[in-house]
1. Name every residue in segment 36-57 that is free of Cβ contacts under 8 Å to residues at least 24 places away in the same chain, small (G, A, S) and either within 21 Å of N129 (Cα to Cα) or touching a Phe, Trp or Tyr at 6+ places or on another chain (Cβ under 8 Å) (or both), in order of residue number.
2. For segment 113-140, name all the residues that are touching a residue at least 12 places away in the same chain (Cβ under 8 Å), part of a helix (DSSP H, G or I) and surrounded by 14 or more Cβ atoms within 10 Å (Cβ to Cβ).
3. Return yes or no: is Q110 surrounded by fewer than 18 Cβ atoms within 10 Å (Cβ to Cβ), within 15 Å of the chain's Cα centre (by Cα) and not in a loop (DSSP other than H, G, I, E, B)?
4. Among the listed residues Y66, Y58, which satisfies the condition of being crowded, with 16+ Cβ neighbours inside 10 Å and of a type in the set (F, W, Y)?
5. Going residue by residue through segment 84-94, is there one that turns out to be part of a loop (DSSP other than H, G, I, E, B), surrounded by fewer than 17 Cβ atoms within 10 Å (Cβ to Cβ) and in contact with a helix residue (DSSP H, G or I) (Cβ under 9 Å, 6 or more places away or on another chain)?
6. Pick from segment 34-53 the residues that are in a loop (DSSP other than H, G, I, E, B) and of a type in the set (D, E): which of them is surrounded by the most Cβ atoms within 10 Å (Cβ to Cβ)?
Amino acid sequence: MRNALNILGVGPTHHMFELEEGTPLRPLWLDLAKGGEPDWEKLFDGYTACVDWPSAYYWRTLINVYPEAKVILTMRSAESWWTSFEATLLKYLQSGDDPQGLGHLLVADQVFQGRYADRDYAIAAYNKNVTDVIATVAPERLLVHNLGDGWQPLCDWLGLPVPSVDYPSDNTASDIRARFADKGVDLA
């Protein structure tokens, strides 16, 4: 979704990738994850859209801070989500790498209350989040975009023409494992 929004000119789109070690926004997001007060203008400095962690955790606040913003719920089955999570972020969390990083402070501790390796608990949390988004976000602001839907529904909803390039399909489990391997973290 990050790349799709950037291709459409909606971005630059904020994503967890922008918060790797040494990036200027990382300390601000770490402070927020530790309970600090958010300064959304600073946290999103240079970005006009956001997807994925850590912003997804704060969706309830962000829909009020940015009342004109459109909201995209990227959908997949809970089983598909777990398969991806188990092959990537779960393995990263279990590796012990960066225990004071956003993955641990936000995802492991706050989203899953430390029970991130408990499949049933994690799937229930995923399903609850989906239900909460659909029940909370005004229908005219919300696009439920299923994996595989491609450009048409997204572009129709945003009022933009369909680009002449294929819909991006990166950030797969193998892409993520390769990204971590480049940093010396083995998720195999």
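1. A56
2. R119, A122, I123, A125, Y126, V130, V133
3. Yes: the conditions hold for Q110.
4. Y58
5. Looking through segment 84-94, none of the residues is part of a loop (DSSP other than H, G, I, E, B), surrounded by fewer than 17 Cβ atoms within 10 Å (Cβ to Cβ) and in contact with a helix residue (DSSP H, G or I) (Cβ under 9 Å, 6 or more places away or on another chain).
6. Per the stated criteria, the residue is D52.
Coordinate-derived values only; no laboratory data. Just so it is clear, the model here is predicted, and its values are computed rather than measured. For neighbour counting, all protein chains shown are included, and Cβ atoms are generated from backbone atoms with ideal geometry for every residue, glycine included.
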